[in-house]
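Enquirer: Below is a structure I'd like to ask you about.
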Amino acid sequence: MSEQPEITSRVSGPLMVSGQLPLVRKTPVHSEHGEPLAWKTSEPVTDRASYALCRCGASENKPFCDGAHTGAGFEGVDTFSDSTYEERSSELGGTGITVSDDRSICMHAGFCGNRHSNVWKQVDSSDDTMVRLAIINEVEKCPSGALTYKFDGDTQDTEPDYPQQVGIVDDGPLWVTGSVKITNSAGDVLEPRNRVTLCRCGASANKPLCDGSHKDAGFTDSVSE
């Protein structure tokens, strides 16, 4: 039996990935106005069955760990483990759908709106089918899963059909899809989710999850081919 994909966060160390989990580059495609429209996926970055990914932000071989966390004095103690999305999120409402939002795990990818409107404004007009469709498209492109929706009468959120993989977001976090098992540095297994983003800048207050701190930290990266 093949090993099941898993990501384990090491105390003050890297993210250990095992189980032949594909590692790809995820790049946003923008409009002429700078609005994110879609995600473009690269070919696999590595074919290794297991690998270590930097989460201190100091590696010179990003996204891979090169041991820089030791010299950088990285204190990667994970504090995020004992709550669920349902407990943290708030309902924004909607007609035909109910949209929920968890600000604590937002990575600020920007797919939740455009220069004219955003999800928070659109929910009040979701009785219009075209507006409702726009909301669904925006929510499904949210990499962190901070935004979700469920159709009226459903008890579970409707999720995109994402594969099990790790996506390297340009100058941002690691985007993990497909309900991959994630264990934090304390040995606790996080709530399984179809999409989640993991910090790799070292600055998140919600480690191992991303909270958008990479932007204020000025985090940049490059991929080794």
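Enquirer: Yes or no: the stretch 213-225 includes at least one residue that is closer than 20 Å to TRP39 by Cα, polar (S, T, N, Q) and part of a strand (DSSP E or B).
Expert: For the stretch 213-225, residues closer than 20 Å to TRP39 by Cα, polar (S, T, N, Q) and part of a strand (DSSP E or B): absent.
Enquirer: Search the stretch 74-95 for residues being at pLDDT 90 or above and small (Gly, Ala, Ser), and hand back the single one that is nearest to CYS201 (Cα to Cα).
Expert: Step one: of the stretch 74-95, the residues at pLDDT 90 or above are 74, 78, 84-95.
Now restrict to residues that are small (Gly, Ala, Ser): 89-90, 93-94.
Details: SER89: 24, SER90: 27, GLY93: 33, GLY94: 35 Å.
Applying the filter and picking the extreme gives SER89.
Enquirer: Restricting attention to the stretch 153-187, and to residues there that are without any contact (Cβ under 8 Å) to a residue 60 or more places away in the chain and among the acidic types (Asp, Glu), which single residue is nearest to ASP211 (Cα to Cα)?
Expert: ASP171
Enquirer: Could you give me the residue pairs with C-beta distances under 9 Å whose first residue belongs to the stretch 40-54 and is touching a residue at least 12 places away in the same chain (Cβ under 8 Å), whose second residue is assigned to a strand (DSSP E or B) and of a type in the set (Ser, Thr, Tyr) wherever it lies, and which are 6+ apart or on separate chains?
Expert: LYS40/THR27; THR41/THR27; SER42/THR27; ALA49/SER18; SER50/SER18; TYR51/SER18
Enquirer: Under the condition of being more than 18 Å from the chain's Cα centre (by Cα) and either part of a strand (DSSP E or B) or free of Cβ contacts under 8 Å to residues at least 24 places away in the same chain (or both), which residue from the stretch 9-30 is farthest from ASN184 (Cα to Cα)? It would help to see each step written out before you state the result.
Expert: As a first pass, look at the stretch 9-30 and keep what is more than 18 Å from the chain's Cα centre (by Cα): 10-13, 18-20, 30.
Of the ones still in play, those that are also either part of a strand (DSSP E or B) or free of Cβ contacts under 8 Å to residues at least 24 places away in the same chain (or both) are 18, 30.
Values: SER18: 14, HIS30: 33 Å.
Per the stated criteria, the residue is HIS30.
Enquirer: Return the total of residues in the stretch 190-205 being touching a residue at least 24 places away in the same chain (Cβ under 8 Å) and closer than 25 Å to THR158 by Cβ.
Expert: The number of residues fulfilling the criteria is 8.
The values are calculated or read from the model by the stated rules, or taken from the named source; none is laboratory data. These numbers were taken from a predicted model, which means no experiment stands behind them. Virtual Cβ from ideal backbone geometry, glycine too; neighbours counted across all protein chains shown.
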